[in-house]
Amino acid sequence: MKKFNIRKVLDGLTAASSSSSATAQPGTPRENDVIQETLQSEHFQLCKTVRHGFPYQPSSMAFDPVQKILAVGTQNGALRLFGRAGVECYCQHESGAAVIQLQFLINEGALVSALADDSIHLWNLRQKIPAILHSLKFNRERITYCHLPFQSKWLYIGTERGNIHIVNVESFTLSGYVIMWNKAIELSTKTHPGPVVHISDNPMDEGKLLIGFECGVVVLWDLKCKKADYRYNYDEAIHSVAWHHEGKQFVCSHSDGTLTTWNIRAQAKSAQIITPHGKQPKDGKKPEPCKPILKVEYKTTRAGDPFMILSGGLSYDTVGRRACLTVMHGKSTAVLEMDYPIVDFLTLCETPYPNDFQEPYAVVVLLEKDLVVIDLGQIGYPIFENPYPLTIHESPVTCCEYFVDCPAELIPALYSVGSRQKRQGYSKKEWPISGGNWGQGTQSYPEIIITGHADGSIKFWDASALMLQVLYKLKTAKVFERARSKEEKANTDIVEEDPFAIQTLSWCPESRMLCVAGVSAHVIIYRFSKQEITTEVVQLLEVRMQCEFSDGDSPDPGGDQTPTLPTPGASSSPQESEPPTQPSTGSNSSDGPRDNKPCLQVRSSPLKQSPGYQVELVIQLVWVSGEPPQPITSLAINSSYGLVVFGNSNGLAVVDYLQKTLLLNMGTSELYSPSDPYQRQPRSPRKTRQPSGDNPTKTSCMSRLSYLYSESVKKLRSSHLTTLDSNDGSNTSEDRCKSPTSGSTSPCNSDDERKQKFIEKAKMSRKISLSSEQKPDLEEKFQRWRSLANKKRFCYMNEGKAAARMTQKGAVCRTKSGPNYYAKDNAFTRSRSSSVTSIDRESREAISSFHFCESFPRKTDSVVSPCLLVGTTQGTVMMVALSLPPPGDHRLQQPVGISSCGTLVTLKGGILTMALLDATGTLLPPSYEPWYDPNASDEEKEKSRRRRPASPPSTQEGQDSQFAVLCSEKQAKVVAMPSQTRIYKHNITESSFVLRADVVQMAGAYCIACFCANGHIMTLSLPSLRPLLDVNYLPLTDMRIARTFCFSNLGQALYLTSPTEIQRITYSQETCDNRQEMLSELFTPVETPEAPNKGFFKGLFGGGAQSLDREDLFGETGAGKASRSLAQHIPGPGGMEGMKGAASGIVGDLARARIALDERGQKLGELEDRTAAMMSSADSFSKHAHDMMLKYKDKKWYQL
């Protein structure tokens, strides 16, 4: 009977449908009655919260000197605003066009942005989420430069045609006043002056406008008379212009590396020409031309020489020199090298008034991948310590994990050890960008983000309360030897393709145990300690994982076949099958393949380990008969059991890191029991071939690994953003149409096909799969065995625990596993589309996930015991039973027992996540050991080393007391334990696949959160798997998101939205409701500084700044109406209501109170003036009366 799926219509109908599908399973109604689910759809809502990191591909910058807010625009239309530490804001222009210029309305809480699509926008910053109030789109002219004078509402806009238009920023309407290029230049000039590259008004006379054209012509325009007062000509193109604050001089920077200084009344010749970085010839000739000076700023001080700051202008003979910022102060010139090219810089000054001494105190330098602030007040120009989290991309991010509601003592512990890693030599002053206020958030739980990087480093970030601050940085590369020269690199087979890159990690917050897997097939286990130690011997365990074909099943159809490896049956004892007696070097001679050699060399000298994470054990997979080890696809650590498990396309290995021994090295097929109905024949499309003696093979281990390294991890080295149409910039259009798992090409004729190809690549990126089309020799071999797709392969495995032995060489302690031979597969890729190719069918089943738990390994068990759930890429979930010795000394002496219990259940698609619930629906987390300092005294260790109580120890006969929650790329299932009965099932997606799934806590209950490749974010209730949320959030854009997306508890999630930025989102209704309170405020009411005093003589003789009534000049009455076809006004989504709403709040109340206070003070002042006048009049009357009295005092009446 056909089952109708109507779960997206109503939650109730969906629950009924889900329950009806489960009623066929025994015991389901009883379980459904017991567990009361509290999560409902109204608990969920999806929204973005905050974005951290450096603005990707910055293009422009502006600073409000009163509010002390910095704005940065990017090439994809984004706006990032920064205030004090923790005050950040992200906005986005809908068009996505590059931001070419930003202008603050200083101390007004507004910002004007000019975009490359010839539009300008007015942003309201008085609200926590800035919005566009107005937009103006130019139709016939391209915008090249904008200028907004201080305390003016008229914006000057220069265009590519050389004209200047004027916009009223209050109404965003064009003025009829236009400065045409042909009126500005000489009438005798026959050529066009080029675009407008500079506009500024004279600091002392607002009626005079300085206009710079690209060709080298500068015009001083009289706004009232509508004519050019002076014209200044120079042979070289102009890049920027800067005024002296007195308005009598200005400086121009040119394309030949020169600076020209002009007096405004002397237009015939420049007052001075200098080439800051040019070599001065002795014969007095003109210096050699240099690179263009892209920008210059001229800032004055009261007590000393002025500052002249410029970017560019270096000599052409300085090839390969990094970008520089030059600071010229008096006779001294300082050249400050930058790590990246300079995008823009701004000088921060004490006053916002251009007609006063500027008193510069800092320079903000925007680089392509960094933001630097230089202190001009200290000798040597030190930089300020940056409080923003702008170093996420210091090395490309390769993996990311998110932990919410961590133990409270974790962040202080990480901060205490990380604070010792800080650099010295910073400026002692406070960070100058100090505007805004923090949000009043209600979130009090600690949050930690861990990022793994391409250089092998791991960073821990404090992400609490919507902020981000780096806590601690761990460098895993310190464990390995580093090549110091090209010759040494060649000898040790190391190349510069990120051999230490982090591929995946597993972290236990409670025990602070950390386990990381790198791209060179290495695993490192770390313990956290607050004490510094020196490790004389680095413990190393080498593991050999391989598969092998049988002789009768060769993939080569021809007769010229080479001998295969011996089968395990050829070795009668572990001793006979042991590797050579020098396992640290292996076989790497010219007459044989590389064998038993790891890809990296662990350092042999003593390792000094600072407080923090310290190496406990290094595990390395070794080469097998000329083939490099497969990358590790899954990893898990359990501190309570003392075990680490990792897997790849060959199988899995379990390591006891307490005893430093290999417990299990098994192929995936060996996990199936002989009577398992789900058992699959192992598949291995490649056969290991021995090279002939005539053609010796010398293969670099890292060069072979470079093509096994995931495509997406490699692409992190580039800075461009991958898109749907070109997600691999290194491939040609023909290569893009090629299937990741086939050697032949198929034209991509439709968007659906391109999308499907992208989905396949995204899936491979998420699963760290291996591409088979990157080496020509592999392609040829693949073509030979594709025709044999239906032949059976056989794997053999020889467990090497009995053959494990300890050998000592140098200062490295190595443990070798036995030579567990299996055939090697370099082509583990599997299409996730519905149409399965022959190669897809031949793909080997790889390990995709692990989960340590305490459950019932077998149906007949009535007592829980330690277990390991193993998930594979073919959708199989298998149970492995663990037998642990008693704690204490027995744990360190007796071996751990491991036995496979066969298949638990199968699902469609690869397994992504697994979890256990108890009978009440509460999550049963893996047991852990509380943290203790490994270098502390024995007494302190014993106090803290108490094993956490596990899940309920027993169950009644015939009663299920646990639920196993299993989620794959296609569906989710809930299985009752120990009966292993499937009670709930839900098909998550048919047309797409799940990239990330996690069982998370939400509103006091638990659910499954899923992120699909088609951009949907979904949540399912537990245990009934009712759909609670399904939002089409993120369009399919690039594989970076697929690789870094992760969910966490309490409705939090994040992903790497660009190579430099982390985007945090929430799927919690409560968090969305409180977002306004949690976000920081950008605008705070601040009094504008007083204007500079004119002085007595300037006021007497008119030498002060001349004001201009721009309203009369540019308004409709004075200038008329502008052409309607020139630009189109677009009301913004924020509208004036947003501004009015903000004004009606506390900011408006303060403003009104301030105005009322001013009016009251003014009235009191007038009253005082009138009182003083009356007193003066009374004094005068009294004086005159006294004089009259004295005059007529002694005279007689007849003398009057």
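The values are calculated or read from the model by the stated rules, or taken from the named source; none is laboratory data. Since we're looking at a predicted model, the values are computed, not measured. Glycine also receives a Cβ, built like all others from the backbone with ideal geometry; neighbour counts cover every protein chain displayed. When the accessible area is computed, the model is the full protein with side chains, heavy atoms only, and any ligands, DNA or RNA have been set aside. Shrake-Rupley method; radii C 1.70, N 1.55, O 1.52, S 1.80 Å.
Each residue was assigned an accessible area with a 1.4 Å probe, and for Trp438 the value is about 130 Å². Entry note: the stretch 1027-1071 has Rg to Rh equal to 0.98, where both radii use alpha-carbon atoms and Rh is the Kirkwood radius.
Across the stretch 34-101, the volume of the C-alpha convex hull divided among the residues equals 153 Å³ per residue.
Here the convex hull built on the C-alpha positions of the stretch 126-222 has a volume of 120 cubic angstrom per residue. For the stretch 844-884, the set of trypsin sites (Lys or Arg not before Pro) satisfying both a DSSP loop assignment and a count of at most 16 other C-beta atoms within 10 Å is given as Arg858, Lys859.
Packing, taken as the mean count of other beta carbons within 10 Å per residue, orders the peptides 418-430, 125-137 from highest to lowest as 125-137, 418-430. Here each label is just a point 7 Å from Cα along the line to Cβ, and for Asn233 and Gln280 those points are 2.9 nm apart.
Peptides 323-333, 203-213 ranked from most to least packed by the mean count of surrounding Cβ atoms within 10 Å: 203-213, 323-333. The Kirkwood hydrodynamic radius of the stretch 344-407, based on inverse pair distances between different Cα atoms, is 14.8 Å. Packing, as the average of other Cβ atoms within 10 Å across residues, places the peptides 516-523, 242-249 in the order 516-523, 242-249, highest first.
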